[in-house]
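Participant: Can you keep this structure in mind? I'll have questions shortly.
The values are calculated or read from the model by the stated rules, or taken from the named source; none is laboratory data. Here the structure is a predicted model, which is why all the values come from computation and not from measurement. Methodologically, a virtual Cβ is constructed for each residue, glycine included, from the backbone with ideal geometry; neighbour enumeration extends over all protein chains shown.
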């Protein structure tokens, strides 16, 4: 009873988000576990020899499942959570904060699974903090795209999903071509750039900047979302 009361105190959009996440995660986990178990059963007389292989294979796939769902979850659900929140009297600010709380929770769960799978006692703190920042950068990027899709009707979601990667690849190729043809840096400039990229702090600063930009974009998209009939 006490646990139910505590759950009710959490933001409604956050509760629904976590419920959906654990349902999807549980289904994926059960499916992979069942397939691995079937392969073990079909091993027949070698079943005892394959138990350790089964455990190792399942443990390896667990982190794959966690990362797969982690990357896709907030690409899909932002509009659904916005719709649920608005229909239940939540403001856009409350919905956005609830999503950030969900991102923090799912990141922590996935991060712990990763730590267990790689053996946290064998990792230095730079690797651990770098991985955490990389995960946050990835999921906020996914959330920003998902929030942007929430502004679009269904037809335009398909068009944008196809057009944006194509445009990005085209622009990237053109930039690389221009740099090769027009930019001829000196050896000193190349050495300076190499030192910047080799310094771990530069990657941390870039990661934090990326995180701030993605959060800002997702905030703007969430503040401009409207309920649609489709």
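Participant: Only one residue in 164, 115, 136 is closer than 19 Å to residue 216 by Cα and surrounded by 11 or more Cβ atoms within 10 Å (Cβ to Cβ). Which one?
Facilitator: Checking each option against the conditions leaves just 136.
Participant: Can you name the residue in region 8-54 that is over 20 Å from residue 88 (Cβ atoms) and not in a helix (DSSP H, G or I) and, of all such residues, is modelled with the lowest pLDDT?
Facilitator: 43
Participant: State whether the residues of region 85-94 include one that is crowded, with 18+ Cβ neighbours inside 10 Å and over 16 Å from residue 146 (Cβ atoms).
Facilitator: yes
Participant: Restricting attention to region 59-97, report how many residues are closer than 30 Å to residue 118 by Cα and either touching a helix residue (DSSP H, G or I) at 6+ places or on another chain (Cβ under 6 Å) or in contact (Cβ under 8 Å) with a residue 40 or more places away in the chain (or both).
Facilitator: So the answer is 18.
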